[in-house]
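**Q** Structure provided below as structure tokens; questions to follow.
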Amino acid sequence: MKKMNIKTLKVMLISGANNLYNHHFEVDKLNVFPVPDGDTGTNMNLTMMNGIKELNGKDYETLKELGTTFSRGLIMGARGNSGVILSQIFRGFFQVLIAKENKDSMIDNEDLIKSWRSAQEYAYRAVMKPVEGTILTVVREGTNFISENIDKNKNALFIFEKLLEGMSESLKRTPDLLPILKRVGVVDSGGAGLVYIIEGMVYGLKNGKPIMPKKKLTQDGTKLEMSLNQEDFGYCTEVIVKLSKTNKSDFNLNKTRNDLETMDGQSIVVVDDEDLLKVHVHTLKPGQILNYFQKFGEILKVKIENMTEQAKAHTQTIKPIRKLIHDFALIAAVSGKGVEVFFKEQLNVDHIIAYSSRVNPSTDDFLKAIEAADAKTVFILPNDGNLFLTAEQAKKLEKKSKVFVLPAKNIAHGMRAALNFNREDNPKDNYNNMWSEIKKNVAFGYITVADRDVEIDGVTIEKNHYFGAVNNRKDTKVKIVSSNKDIISTIRGLFSKLIWTGAEIITIFKGKDASKEQLNYVIKILDEDYNIEYEFVSGEQEIYNFLFVVE
């Protein structure tokens, strides 16, 4: 029976990450809500690539070294719920392998079965309320499938092919377990991302080399390419690389020189001496050069000088020692420049984690915010249900500050919590007071435009029509309540479910795509139909024409 070794496993991980990268825009499109803000594929891709980044140019003698490095990279780069769960799947997978005492570090079929069982357990453990029909189901049913079909006389490829078969079939069944998937006509996006990873791993195991990442990816028919930032200067970049034995046979001096030319390199000098490679190149993107040479081995020395500033040496910033000079700090994650200013200036939030609607902040982003806060006790307001697990992961990794993560699932929750933050109270009372205010006399809603035909929560929505959703005081989740091609009708339907008798004030965050005319519609409806004060904020958020907070 053929067994796996460390080098093979590393190739498989790289191949899995590359295959996900090649398909992550497809995964993004598998949205359960008809809004063009799909980010599951992007989040999983960025998470996976952060793990792979830690492996590039390095060889490992033990499974512990490989597993610990890769798992740590995934955790630090985890973005969104899907990224956190993915990091835990591989963390669980490696827990069994790390415990192996085999000096040859070979992996047999029984090891693989145990590893995937552990992966399943860690994945479910990461989620407070597991939902079936998601990536959790895919990893569980895939694991059960290989447990039922194990054959000790077969090689590792047989196990991974069976795993891929089991996960693929499980993915097809996710719409039967999660009704909203069936109504929209898609499979679960997180599960799809995991299947692409396993598909890539099977390729790497079968062929002994990884799937190559595509040079150009398309999204909605548009080629996405990195544009060169034209400047009046370049960087003199010198690199010394120790070629790894694994990749030395793939290294070709002439091809490397040609590759540097295609990256707009000039004054190119590339020489090799046994296992050492010396490179000199003038370039506008030194980082691109370093990334390129990492695939050949370990970078031993780098010198980058800005030629415009007469060879000023590149220096590294030294992190200051954290002294925890503040007693408390309040951190909020928000999307939209105006929302960011509002939380900072009106709600006295100490630090903001700003992010786009398409790319969620990572665990490392939260850790950096905690570090910048430099406080004994830190309170985090995720303000998005998709960021809660990421914030919790940062809480587990933080070693100096005491961290509390509030269950703020939207900016309405975040506003109530921030308004009731008292720097004179002790940490426990502060947490309890903010938590109790999150769901007390506050409601949240939004207006946006659908990108497909679908029926959700009993509401029929047509492509390019407006629709409104509400998270009111009694419901624990956001519900679609109105939809119409006419924004006025949509707003009226939304307000009928959002504003209750006795509500005192509504805060309206105007998005980037909201027009002055639409704003006037909102004012007209409020003046004519409701006895409530209102306040407007130029939120500048993407996707959502308006965000509403009612208190």
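The values are calculated or read from the model by the stated rules, or taken from the named source; none is laboratory data. All values reported here derive from a predicted model rather than from experimental measurement. Cβ coordinates were reconstructed from backbone atoms using ideal geometry, including for glycine residues, and neighbour counts include every protein chain displayed.
**Q** Do you know which of the residues in the stretch 283-298 that are buried (at least 17 other Cβ atoms within 10 Å of the Cβ) and in a strand (DSSP E or B) is modelled with the lowest pLDDT?
**A** Thr283
**Q** Here are some residues: Val478, Val449, Val459, Val470. Which one is surrounded by 15 or more Cβ atoms within 10 Å (Cβ to Cβ), among the hydrophobic types (A, V, I, L, M, F, W, C) and either in contact with a Gly (Cβ under 7 Å, 6 or more places away or on another chain) or at pLDDT 95 or above (or both)?
**A** On the way: Val478 fails: either in contact with a Gly (Cβ under 7 Å, 6 or more places away or on another chain) or at pLDDT 95 or above (or both); Val449 fails: either in contact with a Gly (Cβ under 7 Å, 6 or more places away or on another chain) or at pLDDT 95 or above (or both); Val459 fails: either in contact with a Gly (Cβ under 7 Å, 6 or more places away or on another chain) or at pLDDT 95 or above (or both).
Being surrounded by 15 or more Cβ atoms within 10 Å (Cβ to Cβ), among the hydrophobic types (A, V, I, L, M, F, W, C) and either in contact with a Gly (Cβ under 7 Å, 6 or more places away or on another chain) or at pLDDT 95 or above (or both) holds for just one of Val478, Val449, Val459, Val470, which is Val470.
**Q** Being within 22 Å of Tyr355 (Cα to Cα) and among the hydroxyl-bearing types (Ser, Thr, Tyr) is the filter here; which residues of the stretch 374-426 pass it?
**A** Passing the criteria: only Thr390.
**Q** Any residue in the stretch 422-433 that is in the same structural domain as Lys402 (by TED's automatic domain parsing) sitting within a Cβ distance under 9 Å of a residue that is outside any helix (DSSP H, G or I) and among the basic types (Lys, Arg)? List the pairs, counting only those 6 or more apart or interchain.
**A** Pro427/Lys376; Pro427/Lys402; Asn430/Arg423
**Q** Kindly indicate which of Ala443, Ala412, Ala354 is out of contact with any strand residue (DSSP E or B) (no Cβ under 6 Å at 6 or more places or on another chain) and closer than 21 Å to Phe546 by Cα.
**A** Ala354
**Q** Whether any residue in the stretch 75-92 is within 22 Å of Leu389 (Cβ to Cβ), touching a Phe, Trp or Tyr at 6+ places or on another chain (Cβ under 6 Å) and hydroxyl-bearing (Ser, Thr, Tyr) is what I want to check.
**A** There is no residue in the stretch 75-92 that is within 22 Å of Leu389 (Cβ to Cβ), touching a Phe, Trp or Tyr at 6+ places or on another chain (Cβ under 6 Å) and hydroxyl-bearing (Ser, Thr, Tyr).
**Q** Right, next: Could you please let me know if Lys399 is basic (Lys, Arg) and assigned to a strand (DSSP E or B)? Talk me through it step by step, then tell me what you get.
**A** Working: basic (Lys, Arg): yes; assigned to a strand (DSSP E or B): no.
When the stated conditions are applied, Lys399 does not pass them.
**Q** Could I ask something else about it? When Lys368 is evaluated against the numbered criteria (1) in contact with a Gly (Cβ under 7 Å, 6 or more places away or on another chain); (2) without any contact (Cβ under 8 Å) to a residue 24 or more places away in the chain, which criterion, by number, is the only one it fails?
**A** (1)
**Q** May I ask you to list the residues in the stretch 116-147 that are of a type in the set (D, E, K, R) and over 21 Å from Lys396 (Cβ atoms)?
**A** Of all residues in the stretch 116-147, those of a type in the set (D, E, K, R) come to 117, 121, 125, 129, 132, 140-141.
Arg117, Glu132, Arg140, Glu141, listed by residue number.
**Q** Does Ser105 qualify as being in a loop (DSSP other than H, G, I, E, B), out of contact with any Asp or Glu (no Cβ under 6 Å at 6 or more places or on another chain), modelled with pLDDT under 90 and hydroxyl-bearing (Ser, Thr, Tyr)?
**A** Yes; evaluated as a whole, the condition is true for this residue.
**Q** How many residues, within the stretch 308-326, are at pLDDT 55 or above and either hydrophobic (A, V, I, L, M, F, W, C) or surrounded by fewer than 12 Cβ atoms within 10 Å (Cβ to Cβ) (or both)?
**A** Residues in the stretch 308-326 being at pLDDT 55 or above and either hydrophobic (A, V, I, L, M, F, W, C) or surrounded by fewer than 12 Cβ atoms within 10 Å (Cβ to Cβ) (or both): 5 in total.
**Q** At least 2 residues that are of a type in the set (Gly, Ala, Ser) in each: list the strands (runs of 3 or more DSSP E) lying fully within the stretch 451-551 that qualify.
**A** Strands (runs of 3 or more DSSP E) meeting the threshold: 466-471, 479-484.
**Q** I want to confirm something. Restricting to the stretch 409-432 and keeping residues that are in a loop (DSSP other than H, G, I, E, B) and of a type in the set (Lys, Arg), which single residue is surrounded by the fewest Cβ atoms within 10 Å (Cβ to Cβ)?
**A** Restricting to residues being in a loop (DSSP other than H, G, I, E, B) and of a type in the set (Lys, Arg), the top hit is Arg423.
**Q** I want to confirm something. Restricting to the stretch 108-128 and keeping residues that are assigned to a loop (DSSP other than H, G, I, E, B) and surrounded by 15 or more Cβ atoms within 10 Å (Cβ to Cβ), which single residue is farthest from the chain's Cα centre (by Cα)? Show your work before the answer.
**A** Taking the stretch 108-128 as the starting set, the residues that turn out to be assigned to a loop (DSSP other than H, G, I, E, B) are 108, 126-128.
Within this subset, residues satisfying the condition of being surrounded by 15 or more Cβ atoms within 10 Å (Cβ to Cβ) are 108, 126-127.
Working: Asp108: 32, Ala126: 15, Val127: 16 Å.
This residue is Asp108.
**Q** When you check Phe404 against the structure, is it more than 25 Å from Thr47 (Cβ to Cβ), aromatic (Phe, Trp, Tyr) and not assigned by TED's automatic domain parsing to the domain that holds Glu540, yes or no?
**A** On the way: more than 25 Å from Thr47 (Cβ to Cβ): no; aromatic (Phe, Trp, Tyr): yes; not assigned by TED's automatic domain parsing to the domain that holds Glu540: yes.
Here the answer is no, as Phe404 does not meet what is asked.
**Q** Would you say Val378 is buried (at least 24 other Cβ atoms within 10 Å of the Cβ) and under 24 Å from Lys477 (Cβ atoms)?
**A** No; evaluated as a whole, the condition is false for this residue.
**Q** Quick check on my filter: what residues within the stretch 502-516 are closer than 18 Å to Glu551 by Cα and surrounded by fewer than 18 Cβ atoms within 10 Å (Cβ to Cβ)?
**A** Gly502, Glu504, Ile505
**Q** Can you name the condition, by its number, that Lys162 falls short on among (1) under 27 Å from Gly385 (Cα atoms); (2) free of Cβ contacts under 8 Å to residues at least 24 places away in the same chain?
**A** Result: Lys162 fails condition (1) only.
**Q** Something else now. Would you check if Val131 is of a type in the set (Val, Ile, Thr), closer than 27 Å to Gly385 by Cβ and outside any helix (DSSP H, G or I)? Walk me through it before giving the result.
**A** Values: of a type in the set (Val, Ile, Thr): yes; closer than 27 Å to Gly385 by Cβ: yes; outside any helix (DSSP H, G or I): yes.
In short, yes.
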